[in-house]
Amino acid sequence: MSDFELIHRPAIGTTSMRGSDDFTMKVLPEGTLIHILGKPGGEDLAGPLQTLFGAEPSRVRDFGPGQWLVVKDEAISHVDLQSVLVRLGSQAFAVDQTHGRIRIEVSGQAVTSVLAKGTAVDFEALAIGQSAMTMFGHISVHLTRCASDRYELVVLRGFAQSLWDEIADMSVDLR
């Protein structure tokens, strides 16, 4: 037990912003974010991960070659996570990113117009459920298309407020 009390502070000062009926941005629950790293040259673990964590759309996302990001709105206990990962055996390693990254949802009819101001992702080619690593200015972002007009952005906690402010500025002409 420590003499210091931990104080949880939100990474972003506001939890939602509505630029117009065409664009909305909100902070999503911290829930669970697990970075899964497969063995180099190993098998594709997307299927087994969906079996272990659930097959809901956008639950298991590509994070890079042999890497996946498992995303849940609900928190998962350390004990439950360990019991799930035991079933993966030596096929992969897991790194809990829950407290180190923030999820932001952006949606609306103008969402791709707003996002295109900050990144060079080809939104027409990005299918629903597909992810891409990209840069918004100097900020690295994991972007997932969750629906035709809804995206989820995963960003390091320390850059979350800057990304929020940048996207809010990009949507200013919609207000």
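Give the residue from Ala160, Val84, Phe123 lying farthest towards the positive end of the charge dipole for the chain; charges sit on Cβ (+1 for Lys and Arg, -1 for Asp and Glu) and the dipole is referred to the Cα centre.
Positive-most Cα among the choices belongs to Val84.
Taking neighbour counts of Cβ atoms within 10 Å as a proxy for exposure, in what order, fewest first, do Trp68, Trp164 appear?
Fewest-to-most ranking of Trp68, Trp164: Trp164, Trp68.
Taking 25 °C and 0.890 mPa s as the conditions, I'd like the Stokes-Einstein D for the chain in µm²/s, using the Kirkwood hydrodynamic radius from alpha carbon pairs.
Translational D for this selection: 143 µm²/s.
For the charge dipole of the chain, defined by +1 on Lys and Arg C-beta atoms and -1 on Asp and Glu C-beta atoms about the Cα centroid, which residue among Thr112, Gly137, Pro65 has the Cα displaced farthest towards the positive pole?
Farthest along the dipole direction, towards plus: Pro65.
Percent relative contact order of the range 32-96, based on C-alpha pairs within less than 8 angstrom and at least six residues apart?
Reported as a whole number, the value is 49 percent.
Using the Cα centre of the chain as the reference point, and only Cβ charges (+1 on K/R, -1 on D/E), how large is the resulting charge dipole? Debye, rounded to the nearest 20. All intermediate terms of the calculation are to be shown ahead of the outcome.
Details: 15 positive and 22 negative charges, 35 e Å.
The dipole magnitude comes to about 180 debye.
Using the 2.2 N^0.38 Å rule of thumb for compact globular proteins, work out how the range 32-96 stacks up: its C-alpha Rg over that value, please.
Relative to the rule-of-thumb radius for its length, the range 32-96 sits at 1.00.
When only C-alpha pairs under 8 Å and at least 6 residues apart count, what is the relative contact order of the chain, in percent?
27 percent
Quickly rank 152-159, 84-91 as a protection proxy: mean count of other C-beta atoms within 10 Å, highest first.
Working: 152-159: 19.1, 84-91: 11.9.
Peptide ranking by packing, descending: 152-159, 84-91.
Set the Förster radius R0 to 30 Å, insert the Cβ-Cβ distance between Leu156 and Glu56 as r into 1/(1 + (r/R0)^6), and round the FRET efficiency to 0.05.
E(calc), rounded to 0.05, equals 0.75.
On the Cα set of the range 80-175, report Rg and Dmax in Å, please.
Values for the range 80-175 (Cα only, Rg and Dmax): 15.6, 51 Å.
How do Arg101, Arg150 line up, fewest other C-beta atoms within 10 Å first?
Details: Arg101 21, Arg150 16.
Ranking Arg101, Arg150 by Cβ neighbours within 10 Å, fewest first, gives Arg150, Arg101.
With charges set only on the Cβ (+1 for Lys and Arg, -1 for Asp and Glu), what does the dipole of the range 32-96 come to about its Cα centre, in debye to the nearest 20?
120 debye
Test of understanding: ordering Phe53, Phe23 by Cβ neighbours within 10 Å, fewest first, what list do you get?
Ranking Phe53, Phe23 by Cβ neighbours within 10 Å, fewest first, gives Phe53, Phe23.
Hey, what number do you get for the chain at 222 nm if only DSSP H runs of n ≥ 4 count, each worth -39500 (n - 2.57), divided across all residues, to the nearest 500?
-6000 deg cm²/dmol
Each reported figure results from applying straightforward, stated rules to the coordinates on display, with no laboratory input. As the structure is a computational prediction, the values presented were derived from the model and not from experiment. Neighbour counts run over all protein chains shown; Cβ positions are idealised from the backbone, glycine included.
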